[in-house]
Amino acid sequence: MDSFTQIPALLILPWLVRLGGPGLVVLGIADNSVIPLTGSMDVLTIWLAARHRELWPYYAVMATAGAVLGGYITYSLGRKGGKEAIERKLNRRKAEKVFKRFSHWGFSTVAVSALLPPPFPLVPVLLAAGALQYSRKKFVGALALGRGIRYLLLAGFGSLYGKAIVQFFTRYYKPAVLTLVGLAVVGAVLSIAEYLRSRKNGARAFRHGRAA
């Protein structure tokens, strides 16, 4: 990676760190969109809690708020598009698997999915919840529960081992930032590639259906 491409990478995380809690909300909205930023929320939550150990519950709440806002946006997109739109964004087999899971364990599917760490794909679950017209209140409750537990644990970990974590980031600041941004870029590229592939397959199926 040359010096030109390193400049944006080195500016993103410091800006979010300076924002503090609001930075977690901004990142949470982006991370729970259709182009997730792999691992970014976890790292920022731990880092902020490590830097300001007495504020760790605040950072956990702000991270959860950002995740729920971003997740609700994705849920709304799925609700508007319906099952057919989800099947075009994902492949049919993956979509049917998620739909079947929701028909039996809707609340726990959202809550457990929100609790699991990367690389578990949360976006398909959020889209499926909307496509199946899952209750808004139950969806928000389940997403807040899963993400809330996750970020409370991460922020608590950051507070508990704050000194060691701050020393690590101070010593390996540039490699850590570049790794984080690199993971985000890879996640975005893979998500876009999957979307384009699924869209192409959906268009091909549509043409075959018309031909029949």
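Among all positions in segment 10-21, there is no residue which is under 22 Å from Val140 (Cα atoms) and at pLDDT below 70.
Within segment 112-127, restricting attention to residues that are crowded, with 18+ Cβ neighbours inside 10 Å and among the β-branched types (Val, Ile, Thr), the residue that is nearest to the chain's Cα centre (by Cα) is Val123.
Scoring Ile35 on the criteria (1) modelled with pLDDT under 85; (2) in a helix (DSSP H, G or I); (3) among the aliphatic types (A, V, I, L, M); (4) surrounded by fewer than 22 Cβ atoms within 10 Å (Cβ to Cβ) leaves a single failure, condition (2).
With Thr45, Thr5, Thr109 as the choices, which residue is open to solvent by less than 80 Å² (accessible area, probe 1.4 Å), modelled with pLDDT under 70 and either among the β-branched types (Val, Ile, Thr) or closer than 27 Å to Ala131 by Cα (or both)?
On the way: Thr45 fails: modelled with pLDDT under 70; Thr109 fails: modelled with pLDDT under 70.
The conditions single out Thr5.
The values are calculated or read from the model by the stated rules, or taken from the named source; none is laboratory data. It should be emphasised that the depicted structure is a prediction, and the values quoted were computed from it without experimental measurement. When we count neighbours, we look across all protein chains shown, and the Cβ atoms used for this are built from the backbone with ideal geometry, even at glycine. Side chains are part of the model used for accessible areas, which takes the heavy atoms of the whole protein and leaves out ligands, DNA and RNA. Shrake-Rupley method; radii C 1.70, N 1.55, O 1.52, S 1.80 Å.
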